[in-house]
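One structure is given here, and the rest of the page talks about it.
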Amino acid sequence: GSGDLPTEIWEKVKNHPCYSEEAHHHYARMHVAVAPACNIQCNYCNRKYDCANESRPGVVSEKLTPEQAAKKVLAVASTIPQMTVLGIAGPGDPLANPEKTFKTFELIAKTAPDIKLCLSTNGLALPDHVDTIAGFNVDHVTITINMVDPEVGAKIYPWVFWKHKRYTGVEAAKLLTDRQLQGLEMLTERGILCKVNSVMIPGVNDRHLVEVNKAVKSRGAFLHNIMPLISAPEHGTVFGLNGQRGPTAQELKALQDSCEGEMNMMRHCRQCRADAVGLLGEDRSAEFTTEKIMAMD
Ligand code: CLF
Ligand code: SF4
């Protein structure tokens, strides 16, 4: 049911598998990996793999051009009728690759106008692109916000690259948090639904995420998705010199419970790959490789 949501919001979430817990049983999403570059460094990211802010680390997605991506979307949509959402979530940051990301949206808006467009970003470049995002009728944006305190941020982000300059330490984290929160406010002012992803890193930001939850709630975020750090050194988790553990399931649940109030917490995230296809938790990406797509007409 629509619960207590206003009609215009219900219309936006009722068939989005990530924004509605009920929808995820019936509606599918797909990602196209058109965005290879990134403009920040997270300590838990190994660039050989997908952006760990939206995806399970350790997965290598098949990179596509915008034209290949548009062709793939049509092929998937004709095979999986429940496919309602196209997301761009990597393998780097979509807004560090704005030409590729927006070219993909442009092509899909033309060829498959019924498909909802979705975007996931670290937020550094977000304020510069809010108008373009709104112009493509993107109703759903995810921002990964792991801290609102630059002292905490300095432990998570060794550097950010902005306006041709590399920033480090607290200065980098301050720049990042300011841009993330500004971008969030700009989107919610325009009625775009924002989900905030946070990666829970024990001993680094676990206690601090309650404060992050309040900060994003007060700026209009619709949903908060606290995800566990997946600690697997061979898969690129490079946190600390002696390895950084991820939270236990109990620790994650306790934090999600303590944040639950007026704001919805997402608990059904499956940490999808940047080229995921199908219902959440089901991976049909192997059916739609570039080779197979390009062989179709
Ligand atoms: Fe993709 Fe993300 Fe859009 Fe969903 S996934 S860009 S909001 S369409 Fe969903 Fe996957 Fe979790 Fe992301 S289950 S990783 S929350
Ligand atoms: Fe890696 Fe994503 Fe962080 Fe960029 S934003 S460093 S791709 S986890």
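The values are calculated or read from the model by the stated rules, or taken from the named source; none is laboratory data. Not measured: the values here are computed from a predicted model. Neighbour counts are summed over all protein chains in view; Cβ atoms, including those assigned to glycine, are modelled from backbone coordinates with ideal geometry. For the accessible areas, the whole protein counts, side chains as well, though only heavy atoms, and no ligand, DNA or RNA atoms are used. Shrake-Rupley method; radii C 1.70, N 1.55, O 1.52, S 1.80 Å.
Cβ distances below 4.7 Å define possible disulfide partners, and in the chain the cysteines left without one are Cys18, Cys38, Cys51, Cys118, Cys194, Cys259, Cys269, Cys272. Relative protection proxy for 90-98, 222-230, 202-210, 265-273, from highest mean packing down: 90-98, 222-230, 265-273, 202-210 (other beta-carbon atoms within 10 angstrom).
Here's the list of lysines a cross-link from Lys165 could span, going by alpha-carbon distance under 19 Å and ignoring same-chain residues fewer than 8 apart: Lys174. Each label was represented as a point 7 Å from its Cα along the Cα-to-Cβ direction; for Glu282 and Thr65 these points are 3.2 nm apart. When DSSP beta bridges are restricted to pairs lying wholly in the chain, around 25% turn out antiparallel.
The modelled label-to-label distance for the pair Glu11/Val210, using points 7 Å beyond Cα in the direction of Cβ, is 3.9 nm.
Packing order of peptides 129-138, 147-156, highest average first: 147-156, 129-138 (average count of other Cβ atoms within 10 Å over each peptide's residues). How far, in degrees from 0 to 90, does helix 209-218 lean away from the longest principal axis of the Cα atoms of the chain, to the nearest 10? Tilt of helix 209-218: around 60 degrees.
Here each label is just a point 7 Å from Cα along the line to Cβ, and for Phe136 and Glu189 those points are 2.2 nm apart. The Cα atoms of the chain give a gyration tensor whose axes a ≥ b ≥ c have a/c under 1.5, which makes the shape rounded. Per residue, the accessible area of the chain comes to 43 Å² when a 1.4 Å probe rolls over the protein heavy atoms. Once the Cα atoms are used to define both axes, helix 249-259 deviates from the longest principal axis of the chain by about 90 degrees. Relative protection proxy for 105-118, 24-37, from highest mean packing down: 24-37, 105-118 (other beta-carbon atoms within 10 angstrom). Note on the chain: helix-only mean residue ellipticity at 222 nm, from DSSP H runs of 4+ residues weighted -39500 (n - 2.57) and normalised by residue number, equals -10000 deg cm²/dmol. Across the accessible surface of the chain, with the other protein chains kept in place and a 1.4 Å probe, carbon and sulfur atoms take up 51 percent. Among Ser231, Ser198, Ser78, which one shows the highest mean-square fluctuation when the chain is modelled as a Gaussian network with alpha-carbon springs under 10 Å? The residue that fluctuates most here is Ser78. Is the shape of region 160-234 rounded, prolate or oblate, going by the alpha carbon gyration tensor and its root eigenvalues a ≥ b ≥ c, with a/c under 1.5 for rounded and a/b larger than b/c for prolate? Judged from the Cα gyration tensor, region 160-234 comes out oblate (a/c at least 1.5, b/c at or above a/b).
To the nearest ten degrees, helix 169-189 and the longest principal axis of the Cα atoms of the chain are 50 degrees apart.
For a straight C-alpha distance cut-off of 21 angstrom, the lysines reachable from Lys48 (same-chain residues fewer than eight places away being disregarded) are Lys63, Lys100. Set the Förster distance to 30 Å, then compute FRET efficiency between Met294 and Trp162 from the Cβ-Cβ distance, nearest 0.05. After rounding, the FRET efficiency stands at 0.25. When the chain is modelled as a GNM with alpha-carbon springs shorter than 10 Å, which of Ala215, Ala249, Ala69 fluctuates the most? Among Ala215, Ala249, Ala69, the largest GNM mean-square fluctuation belongs to Ala249.
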